[in-house]
Amino acid sequence: MSKTLNELPEALMEHLRQPNVVVVATLAEDGKPALDLLSWVWPMDARTVRLVISPNFPGGINMRANGKATLQLIGNELTYEVRGTTRLVKESCESVRFPEAMFDLTVEEVRANMFPATHLTGPIPYARDAGTEALHKDLDQAMYGEIRATPAATGERPRDHPARR
C-alpha cells in the first residue's frame, strides 16, 4: 500500500482481532513523546479502534489531555501506522481489579510504513510468564467481552493541546 487510507483495511482488522502487541504513541503536554505497549485493542469497525490502557501510563494521561494517538501495528507481512483522535469511553473498566481506562480511536489516517523491498515475516513474539497463563486467559476473556459490550464514546473529545493549535 503506497497511499494513505482513512479506514482500516480488512487485513488490519483481522490482525487486531488476534492476540498481539500494539505500540501506542502519544504526546505529553510538555511535547515529549511517549510509547506504551498495549494488548487489549479491538477494531470496533473500519473507522474505530478501541484501546484499553492504564490511566496512570503516559499514553492514558496524554490521550485524556489532548485526544491524539498513533498506533504502530506490526505482524506477519504488515507494518502500519494508524493515526487518530481518541475519546474516553470509560474511566474505569469493571472486568479487572486494577486501573484500566477505555478509549475509542477514530481512524483518520492509515499508512504502510516499512522501508522499500522488505517485509516482516511474523508478529512481535511475546509470551505469558510461566504459571500465569490461566489468569491471563480469564482477564483477556473478561476484558474483550467488556470491550465489545461497551457502547461507543459519546462524550466530547479533549481539547487540543495549546502547542498544537
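Summary table below
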{"quantity": "Failed item, numbered, when residue 95 is tested on (1) open to solvent by 50 Å² or more (accessible area, probe 1.4 Å); (2) modelled with pLDDT of 90 or more; (3) in a loop (DSSP other than H, G, I, E, B); (4) out of contact with any Cys (no Cβ under 9 Å at 6 or more places or on another chain)", "calculated": "(1)"}
{"quantity": "Positions within region 68-86 being in a strand (DSSP E or B), open to solvent by 50 Å² or more (accessible area, probe 1.4 Å) and in contact with a helix residue (DSSP H, G or I) (Cβ under 9 Å, 6 or more places away or on another chain), in sequence order", "calculated": "68"}
{"quantity": "Tally, over region 15-27, of residues that are open to solvent by 50 Å² or more (accessible area, probe 1.4 Å), part of a loop (DSSP other than H, G, I, E, B) and of a type outside the set (Lys, Arg)", "calculated": "2"}
{"quantity": "Candidate set: region 119-141, residues that are among the small types (Gly, Ala, Ser), at pLDDT 90 or above and open to solvent by less than 80 Å² (accessible area, probe 1.4 Å); chosen: the one farthest from residue 96 (Cα to Cα)", "calculated": "131"}
{"quantity": "Scope region 76-88; condition of a type outside the set (S, T, N, Q) and touching a Gly at 6+ places or on another chain (Cβ under 8 Å); matching residues", "calculated": "87, 88"}
{"quantity": "Where a residue in region 85-100 is touching a residue at least 60 places away in the same chain (Cβ under 8 Å) and its partner, wherever it lies, is open to solvent by less than 50 Å² (accessible area, probe 1.4 Å) and among the hydroxyl-bearing types (Ser, Thr, Tyr), with Cβ under 7 Å and at least six apart", "calculated": "85/106; 89/150; 90/150; 100/54"}
{"quantity": "Residue list for region 1-11, filter: in a loop (DSSP other than H, G, I, E, B) and either small (Gly, Ala, Ser) or under 22 Å from residue 146 (Cβ atoms) (or both)", "calculated": "2, 8"}
{"quantity": "The one condition in (1) in contact with a strand residue (DSSP E or B) (Cβ under 9 Å, 6 or more places away or on another chain); (2) at pLDDT below 90 that residue 116 fails to fulfil", "calculated": "(1)"}
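Condition check ((1) open to solvent by 30 Å² or more (accessible area, probe 1.4 Å); (2) β-branched (Val, Ile, Thr); (3) assigned to a helix (DSSP H, G or I); (4) more than 24 Å from residue 136 (Cβ to Cβ)) across all residues:
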site: 13; (1), (2), (3), (4): no, no, yes, no
site: 29; (1), (2), (3), (4): yes, no, no, yes
site: 35; (1), (2), (3), (4): yes, no, no, no
site: 49; (1), (2), (3), (4): no, yes, no, no
site: 56; (1), (2), (3), (4): yes, no, no, no
site: 60; (1), (2), (3), (4): no, no, yes, no
site: 65; (1), (2), (3), (4): yes, no, yes, yes
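Conditions tested, residue by residue: (1) polar (S, T, N, Q); (2) touching an Asp or Glu at 6+ places or on another chain (Cβ under 7 Å).
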| site | (1), (2) |
| --- | --- |
| 75 | no, no |
| 80 | no, no |
| 87 | no, yes |
| 95 | yes, yes |
| 100 | no, no |
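The values are calculated or read from the model by the stated rules, or taken from the named source; none is laboratory data. Small disclaimer: the values here were computed from a predicted structure and weren't measured. Positions of Cβ are backbone-derived with ideal geometry, glycine not excepted, and every protein chain shown enters the neighbour counts. When the accessible area is computed, the model is the full protein with side chains, heavy atoms only, and any ligands, DNA or RNA have been set aside. Shrake-Rupley method; radii C 1.70, N 1.55, O 1.52, S 1.80 Å.
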